[in-house]
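The values are calculated or read from the model by the stated rules, or taken from the named source; none is laboratory data. Everything numeric here is computed off the predicted structure, so don't read it as measured data. When we count neighbours, we look across all protein chains shown, and the Cβ atoms used for this are built from the backbone with ideal geometry, even at glycine. Note: areas computed on protein heavy atoms with side chains; ligands, DNA, RNA excluded. Shrake-Rupley method; radii C 1.70, N 1.55, O 1.52, S 1.80 Å.
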Amino acid sequence: MSHHLTLLQVHAHPDDESSKAAGTTALYASRGVRCILVTCTGGEEGEILNESYGALDKAMFDVRMEELAEAVRILGYSAVHMLGYEDSGMDGARSNENPACFARAPLRHATSRLVKVLREERPDVVITYSEDGGYPHPDHIRVHEVTMAAVKAAAEPGEFPWLGAPHEVAKIYYSARSKARMQALADAHERLGLENPFRNWVRDDQDDSHITTKVDVGDFFEARRDALLAHRTQVAPDGFWFRIPLEVSRDAYPYEDFTLANTRVPIRLPETDLFTGIPG
C-alpha cells in the first residue's frame, strides 16, 4: 500500500497560515498531499487593521475563526487543530500577563498538546518558525519552542505514552524570508513607480545562506492572495502586499523560501521540493 504524504504546519494565529507558506499549502494540496494546520491561538488580541471592515458584531475570536475557516477552505487544508491557547498580544502588552496565553503556557503542557496531534496525523514534513519566530512576537517564538520540543518528544516511546504510538517526522522546515524575494519585489515596485515598502527590507549585510529550499508556487498566487484577503479584519485589500498585479509579482519571484532545520532522510541541497527523499 502506498504511503499518503502528509504536511503539517504550526502557526501562531489565524492569518499566519495565509501569510507564510500559503502557496506551498495550495500546491501540495493540489497534488493530493494531506495538509494539516495547527493554530496555537485564537488571535483574540488582534485589532481591526482593515479600515473598511467596520465595527465588530461579535467577539473577535468568533470573527477570526470564521476568517480562518474560509482561508483553510481556499488553501485546501485537510484538517485544522486548534491548540487551545489565547493570543499573547505583542511583546510588552498587558495581555502578555494573561495566564491562559500561549507565551505563558508551561512548555511541557503545550508540548503534550502538539505531541497528540503529531501522533494522530503522523506527518512526513513539519513547517514551523525559526528561533526568533520570524519576528519578535511572543507567540511566534513560542511556536518554535513548542514545535521543536514536540517533534522530539513525539518520536520517543517514553514521552507521553498515553498520547499514542511514537512518530518520527522525516523533515522539519522553517518558513523563511529571503533577501532575493524582498529585492525582487522592491525592484518590481520601482519599475511600476509605486510606493516601495520593500526597499527598507533589503539590507547590504543580508544574504540568503539560510535558504536551503525554494518551492515554485507561481501557479498558486491567486489562492495565496484570496486566503490572505479572507482575514478581513487583519488585511486591507489595498494594502502594500497587493499593490502590484499578481502576474508582475509572479514574474518577479514565484517561490516560497524555507530553511531545512532537520532531516532523517538523505537529501542534497539546495532543494525545490519539501518531500525530496521521502518515499510516497
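For this structure, a couple of remarks:
- Restricting region 1-28 to residues that are over 15 Å from the mean Cα position of the chain (by Cα) and modelled with pLDDT of 95 or more, the residue that is most open to solvent (accessible area, probe 1.4 Å): L5
- Among the candidates T259, T263, residue that is hydroxyl-bearing (S, T, Y), open to solvent by 20 Å² or more (accessible area, probe 1.4 Å) and touching a His at 6+ places or on another chain (Cβ under 7 Å): T259
- Subset of region 159-174 (residues that are open to solvent by 30 Å² or more (accessible area, probe 1.4 Å) and either within 26 Å of N96 (Cβ to Cβ) or in contact with a Pro (Cβ under 6 Å, 6 or more places away or on another chain) (or both)): P166
- No other residue among A261, A252 is modelled with pLDDT of 95 or more, of a type outside the set (K, R) and more than 23 Å from L192 (Cα to Cα) apart from A261.
- Consider region 266-276 and keep the residues that are touching an Asp or Glu at 6+ places or on another chain (Cβ under 9 Å) and surrounded by 13 or more Cβ atoms within 10 Å (Cβ to Cβ). The one that is nearest to Y174 (Cα to Cα) is L274.
- All positions within region 91-139 that are on the phi > 0 side of the Ramachandran plot and under 15 Å from the mean Cα position of the chain (by Cα): G133, G134
- Residue among R224, R243 that is closer than 28 Å to E66 by Cα and open to solvent by less than 60 Å² (accessible area, probe 1.4 Å): R224
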